[in-house]
Amino acid sequence: MNKKQKRLLIRILVAAALFVPLYLISEGIVETSVPRIAVFLFFLIPYLLVGHDILRKACNGIRNRQVFDENFLMTVATIGAIALGEYGEGVAVMLLYQVGELFQSYAVGKSRQNITELMDIRPDYANIEVDGQLERVDPDEVEVGSIIVVQPGEKVPLDGVVVEGSSVLNTSALTGESKPVEVGVDEDVLSGSVNMTGVLRVRTTTEFEESTASKILDLVENAASRKSKSENFISKFAKYYTPIVCYAALALAVVPPLFVLLTGAGMARYASAGALWGDWALRACTFLVISCPCAVVISIPLSFFAGLGGASNQGILIKGSNYLETLSQVKVVAFDKTGTITKGNFVVTAVHRSPIDEKKLLEYAALAECHSAHPISRSLQAAYGRHLDQSRVSEVQEISGHGVTAKVDGVPVAIGNEKLMGLIGVEFAECHHAGTLLHVAVNGVYSGHIVISDELKEHSAQAVAALRRAGVEKAVMLTGDTENVAKAVADAVGLTEYRAGLLPADKVRCVEELLEGCGAKRRLAFVGDGINDAPVLSRADVGIAMGALGSDAAIEAADVVLMDDDPLKIAKAIRISKKCLGIVKQNIAFALGIKFLCLILAAFGIANMWIAIIADVGVMILAVLNATRCLFVKNL
Amino acid sequence: MKKSYKIEVDCANCANQMEDAAKKTPGVKDCTVSFMTLKMKVEFEEGADPAAVMQDVYANCKKVEEDCEIYL
């Protein structure tokens, strides 16, 4: 609790200590000889003690011609009640209202703190070595290219490259991925990750302003200022709602008694004209107490903020409440292929029709290609996985557009496409697998082929299924790759629709076509890796960039940024948004429902002031507690 | 030009009122107040002096919400 809250708490406690015995006594001595004025003065003490700031704010509001706010409602209602001789009720309302305010401010402060802790990636200092001594400096002051030292347990303050040491990094604050990452010399480290085991010396590559940690913090902080439709609706609603209920209360105080007086109907129920006016005035005051809009006004932005905070803790950065809202309505998802569904790196996926041991075949192939830096050669080397002794290779001959021939351990090896096989006169077998085929001939005999293709991401198929479960009706893959490969990938992950052979401009057109098919209520999300699909990302209702850690263009263009490249996070983002929007709707329906019910009860004189204030504060507390549920999205 | 300021305010509605007050201040092109992050983002008109404009913004916000604070 901060100072302000503590002061309020003390005021509430003291006022309550005065008020409770006073109330009990006064209930007992109504008929005694204590003059009314004395009772009134006694009650005035706790009333002013607990409510003086509300009264002052209401006066200020009137002076600034911003009359209608909750302070005004409470002031009029309590003064009204006291003027009508209901001292106890008047003070109790003010007291409970302040309890509600205190709770609200405490709860909001608490969740603000929780969320900031979740996103606690701001580094406080950087260690610079000066004359063999470590010196702590502000990360802001470290120049690009400086060497910083990161000790175990410390946050990496700036992005950079490791020049010495190796360690294990915890990147969970950045990616939501709890598996630690090993780093060694020449590898990149990102600011905001936590060094766990060894001392690292890092050459910085960015200034603090440009570092990953600052960018993420900036993004999250800005997110809350892009307000969703629900938030805008509520702030507009509050603007009209409060004046309307004030006039309604006024009408309630004046119209029914006038009606009774003029027509005489029901007059028998009242002892006098004064009692008639008093009864309706009290109903009007009760009406005012109930109508206080705080529950809705506070719980909606709190829900969104908690949702954004919870999502970013899972490595899903959503750039604004408005996108969180749109995300919940996503019915169509368009994917980019490379880097989104597939890993974007080529690997050996199969070895077919090899009469010799597959390992041996790979060894021949890797050795024959060992002088090449082509991605395909590298994938062979990676598949072989052991050290390549180049001295075993001789007479290497590269035949452009065909492949390579070489002698490995003195054995002639030819590796390449069909054309090469034709050239050396070897019969080869066709393959039904999609991907790049490398035929191998050893000693002039066909020895099978190696299939090299882009690998599917581990979770791609699960991700597509999860999207369906999250309510996505249509998932389409857009790719520049050939029909053959596109079909294979689409089949493997369970996508029924795909468009192959697209240029980047075609992708925009495809997305536009899909958007047209969407209609007003269904939203389209495009998921890409941010590499040359920025126009598509910005054209879609929601652009989702994956694996965007460190890619500025993607962070700029996208509305939702997935920090790691796990496609399962797409469905998770949608589920988070749905949960959040669900809670927002619950709160609006629940708070307004209870309010309207109580308003009607109050108008008919069934609900008294006690019920009114308990309904008001109770609804607010429940709505706030419900809103904080948005924060808990880890197991969603 | 855009600038971001840290603020102190007690309730969501008060934050909305501050936002309205700031928007009406001459020299301010647009403004958003986030109650949750306690941040005020102000976009200034071209050629406006942020320091001077913010003084007015501060005064106007104080008028509608006495309890607020803007850390300039």
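Within a 10 angstrom radius of each residue's Cβ in A:304-314, how many Cβ atoms of other chains show up on average? Whole number is fine.
Per residue, the average neighbour count from other chains is 1.
Step by step: find N for the stretch A:344-456, compute 2.2 N^0.38 Å, then divide the Cα radius of gyration by it. What's the final number? Show your work: numbers first, answer last.
Values: Rg = 12.6 Å, N = 113, 2.2 N^0.38 = 13.3 Å.
In units of the 2.2 N^0.38 Å rule of thumb, it is 0.95.
Show me A:286-296, A:9-19 ranked by packing, highest mean number of other Cβ atoms within 10 Å first.
Values: A:286-296: 27.5, A:9-19: 16.5.
Most protected by this proxy first, the peptides run A:286-296, A:9-19.
Tell me, what does the Kirkwood hydrodynamic radius of the stretch A:126-215 come to in angstroms if you use every pair of distinct C-alpha atoms?
Details: mean 1/r = 0.0789 Å⁻¹.
The answer is 12.7 Å.
Work out the mean other chain Cβ neighbour count within 10 Å for the residues of A:231-243 and drop it here as an integer.
2
So who's got an amide H within less than 5 Å of the one on A:Thr206, skipping anything under 5 residues away but keeping other chains? H placed 1.01 Å off N, in plane.
Excluding prolines and chain starts, which carry no amide H, the hits are A:Gly145, A:Asp159.
Assuming R0 = 60 Å, what is the FRET efficiency of A:Val411 and A:Glu141, from their Cβ-Cβ distance, to the nearest 0.05?
Efficiency computed from Cβ-Cβ geometry: 0.45.
Sorted from largest down, what three extents in whole angstroms do the Cα atoms of the stretch B:2-71 have along their principal axes?
Dimensions of the stretch B:2-71 along the principal axes of its Cα atoms: 33, 22, 18 Å.
How far is helix A:568-603 tilted, in degrees, relative to the longest principal axis of the Cα atoms in chain A, given as a value from 0 to 90 rounded to the nearest 10?
10 degrees
Please state the equivalent ellipsoid semi-axes for chain A: what are the square roots of 5 times the Cα gyration tensor eigenvalues, largest first, in whole Å?
They are 71, 29, 17 Å, listed largest first.
Among B:Ala51, A:Ile450, A:Ala275, whose Cα sits farthest toward the positive end of the charge dipole of the protein assembly as shown (+1 at Cβ of Lys/Arg, -1 at Cβ of Asp/Glu, about the Cα centre)?
My answer, from the dipole projection, is A:Ala275.
Taking the Cα atoms only, what angle lies between the long axis of helix B:12-24 and the longest principal axis of chain B, rounded to 10 degrees?
20 degrees
For the stretch A:456-609, what does the equivalent ellipsoid look like in terms of its semi-axes, each the square root of 5 times an eigenvalue of the Cα gyration tensor, given largest first in whole Å? Numbers along the way, then the final one.
On the way: eigenvalues 340, 52, 49 Å².
Over the Cα atoms of the stretch A:456-609, the semi-axes work out to 41, 16, 16 Å.
For peptide A:59-69, compute the average count of partner chain beta-carbon atoms within 10 Å of each residue's beta-carbon.
Counting other chains' Cβ atoms within 10 Å and averaging over A:59-69 gives 3.
What relative contact order, as a whole-number percentage, does the stretch A:13-87 give when Cα pairs under 8 Å and 6 or more residues apart are counted?
Relative contact order here is 27 percent.
To the nearest 500 deg cm²/dmol, what mean residue ellipticity at 222 nm is calculated for the protein assembly as shown from DSSP H runs of n ≥ 4 alone, each contributing -39,500 (n - 2.57), summed and divided by the residues?
-17000 deg cm²/dmol
If I fit a long axis through the Cα atoms of helix A:87-118 and take the longest principal axis of the Cα atoms of chain A, what angle between them do I get, 0 to 90°, rounded to 10?
Tilt relative to chain A: about 10 degrees.
Applying 1/(1 + (r/R0)^6) with R0 = 41 Å to the Cβ-Cβ distance of A:Ala520 and A:Arg469, what FRET efficiency is obtained, to the nearest 0.05?
Computed FRET efficiency for A:Ala520 and A:Arg469: 0.95.
Of A:Lys337/A:Lys419; A:Lys215/A:Lys521; A:Lys215/A:Lys634; A:Lys343/A:Lys521; A:Lys215/B:Lys3, which pairs sit farther than 27 Å apart, going by alpha carbon to alpha carbon?
Checking Cα-Cα distances, A:Lys337/A:Lys419; A:Lys215/A:Lys521; A:Lys343/A:Lys521 exceed 27 Å.
Considering only DSSP states other than H, G, I, E and B, which trypsin sites (Lys or Arg not before Pro) in the stretch A:291-366 qualify as loop sites with at most 15 other Cβ atoms within 10 Å?
Details: sites: A:Lys319, A:Lys331, A:Lys337, A:Lys343, A:Arg353, A:Lys359, A:Lys360; in loops: A:Lys319, A:Lys337, A:Arg353.
Passing sites in the stretch A:291-366 are A:Arg353.
Just so you know, all these numbers are worked out from the coordinates, no wet-lab data involved. In this text the structure is predicted, and so the values were computed from the model without any measurement. Note that we place each Cβ from the backbone using ideal geometry, even for glycine, and neighbour counts take in every protein chain shown.
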